[in-house]
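A quick write-up on the structure given underneath.
The values are calculated or read from the model by the stated rules, or taken from the named source; none is laboratory data. Since this is a predicted model, take the numbers as computed values, not measurements. With ideal geometry, Cβ positions are generated from the backbone for all residues, glycine too; neighbour counts draw on all protein chains shown.
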Amino acid sequence: MKPLEGLVVLEFCQFLAGPSAGLKLADLGARVIKIERPIKGEACRQLSIKDLFVDDSSLLFHTINRNKESFAADLKNPEDLILIKKLIAKADIMTHNFRPGVMEKIGLDFNETLTINPKIIYGTITGYGNIGPWAKKPGQDLLLQSLSGLSWLSGRKCQGPVPFGLAVADLMCGNHFVQGILSALLKRAKTGKGVLVEVSLLESVLDVQFEAITSFLNDGGQLPERGDVKGSAHAFLSAPYGVYQTQDGYISLAMGDLIFIGKTLGVDLTKYSDKQDWFTFRDEIRNLLAEKIITQTADYWLNLLQKEGIWCGKVLNYEELDNQSFVSELQLKQTIQNSAGEKLVTTRSPIQLDGKILTSKKAAPSVGEDNIKIHEQFLSE
């Protein structure tokens with residue numbers, strides 16, 4: 001039995017942050033019902049990566065909405081709104097990421113919802129919180145990365161700001177949302193009362209940077225300064241930390257005793273015996289290491305370094321990753337199938353409970369696919 005089995009989640013969310021949280025709740029056993037507009041459904045159905053689609057919905061939509069059900073309803077239609085309120089009365093959790101004011105207009109804000117279900121866990125995601133001049137601005141991942149300073153942590157000094165190659169603000173916010181919801185379930189178990197859970201993309205993307213921001217706040221306001229050599233990997237860590245090119249690929253070197261690493265590689269770094277120099281002259285040191293490392297293959301250096309217990313690894317692309325033995329040994333992929341029989345391969349939940357991997361076989365539903373079943377189970381009285 002999965003830990004959240006028996007719990008019903010109503011998901012009024014679109015795009016990534018909210019639905020990614022719903023995905024994790026579903027993986028943990030909750031019954032997640034997406035409330036979607038009729039016909040077109042949630043907007044993310046048409047938001048694609050590389051123009052990849054499965055049935056009439058994007059591969060992206062299927063990726064973050066597997067193992068859910070779909071109930072089509074028009075929240076502006078009074079008759080549909082009555083049905084939604086009946087569902088809320090029987091649900092445990094409801095989530096939404098509408099802009100501030102939207103749920104208030106239709107009478108489904110937290111206080112109104114408590115009159116329908118006094119024990120509801122009510123979760124909201126916003127871009128910038130509920131107050132202040134930013135409250136109603138669009139909360140989009142790239143905009144949040146740009147606003148939050150995150151784009152000054154990747155890449156090289158000469159490049160200018162470099163956004164992260166994933167929707168990191170959305171995905172971290174979804175993780176924080178799940179943490180809040182699980183905490184609220186515990187609080188409700190103690191108090192018997194409904195709980196309001198609020199997160200924002202801004203607060204999440206700042207929390208991800210707690211190390212960097214804390215350094216700035218306690219170091220006289222010194223801004224992060226990235227290295228300016230190829231393979232610089234961290235604005236706050238000294239040499240040798242970074243990625244280095246070999247004859248046939250790349251390896252990464254993590255933190256360690258620089259003098260010992262240099263000796264192992266055959267590079268004399270004794271002039272940098274003061275550890276402060278490892279940061280002050282990090283670009284100079286990385287260049288010296290790079291000149292040596294490019295003379296041999298990746299496997300040559302890894303064998304040499306790993307024998308000495310030095311933290312290092314090969315830099316893999318997705319094709320190389322997929323060929324690693326641990327992918328099958330740890331069952332890191334799963335195959336899911338939609339109601340039309342179409343299959344796709346995706347990742348699985350990273351959580352194991354009592355030695356069991358959490359998997360699901362169900363792909364995302366079509367719009368309103370579960371209306372009849374949900375009517376029979378929840379609305380037929």
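Assess whether LYS193 counts as being over 30 Å from THR115 (Cα atoms) and not β-branched (Val, Ile, Thr). Quick ask: steps written out before the conclusion?
Details: over 30 Å from THR115 (Cα atoms): no; not β-branched (Val, Ile, Thr): yes.
So LYS193 does not fit the description; no.
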Can you name the residue in segment 113-139 that is modelled with pLDDT of 95 or more and among the polar types (S, T, N, Q) and is also nearest to PRO19 (Cα to Cα) among such residues? THR124
Any residue in segment 196-215 that's on the phi < 0 side of the Ramachandran plot: show its pairings with residues that are modelled with pLDDT of 95 or more and of a type in the set (Ser, Thr, Tyr) at Cβ separation under 6 Å, as long as the two are six or more apart or on different chains. LEU196/TYR122; GLU198/THR124; SER200/THR126; SER200/TYR128; LEU202/TYR128; VAL205/SER148; LEU206/SER148
Out of the residues in segment 164-193 that are more than 26 Å from PRO100 (Cβ to Cβ) and either touching a Phe, Trp or Tyr at 6+ places or on another chain (Cβ under 9 Å) or at pLDDT below 95 (or both), which is surrounded by the fewest Cβ atoms within 10 Å (Cβ to Cβ)? GLY165
From the list LEU316, LEU321, exactly one residue is surrounded by 12 or more Cβ atoms within 10 Å (Cβ to Cβ), free of Cβ contacts under 8 Å to residues at least 24 places away in the same chain and either in contact with a helix residue (DSSP H, G or I) (Cβ under 6 Å, 6 or more places away or on another chain) or more than 30 Å from GLU69 (Cα to Cα) (or both). Which is it? LEU316
So, LEU196, is that one under 30 Å from LEU7 (Cβ atoms), of a type in the set (A, V, I, L, M, F, W, C) and surrounded by 15 or more Cβ atoms within 10 Å (Cβ to Cβ) or not? yes
Answer yes or no as to whether ASP74 is among the charged types (D, E, K, R), in the same structural domain as GLY180 (by TED's automatic domain parsing), modelled with pLDDT of 95 or more and touching a helix residue (DSSP H, G or I) at 6+ places or on another chain (Cβ under 8 Å). yes
Please determine, by comparing only the residues of segment 122-151 that are in contact with a helix residue (DSSP H, G or I) (Cβ under 9 Å, 6 or more places away or on another chain) and polar (S, T, N, Q), which one is farthest from GLY165 (Cα to Cα). THR124
From the options PHE110, PHE98, residue that is modelled with pLDDT under 95, more than 29 Å from THR359 (Cβ to Cβ) and surrounded by 18 or more Cβ atoms within 10 Å (Cβ to Cβ): PHE98
The one condition in (1) of a type in the set (A, V, I, L, M, F, W, C); (2) outside the structural domain of SER57 (by TED's automatic domain parsing); (3) within 30 Å of ASN67 (Cα to Cα) that VAL345 fails to fulfil: (2)
Contacts under 9 angstrom Cβ, first residue in segment 39-56 being exposed (fewer than 12 other Cβ atoms within 10 Å of the Cβ), partner in a loop (DSSP other than H, G, I, E, B), 6 or more apart: ILE39/VAL367; ILE39/GLY368
Restricting segment 255-301 to residues that are closer than 14 Å to VAL229 by Cα and among the acidic types (Asp, Glu), the residue that is surrounded by the most Cβ atoms within 10 Å (Cβ to Cβ): ASP283
When SER252 is run through (1) at pLDDT below 95; (2) surrounded by 14 or more Cβ atoms within 10 Å (Cβ to Cβ); (3) hydroxyl-bearing (Ser, Thr, Tyr), the failure sits at (1)
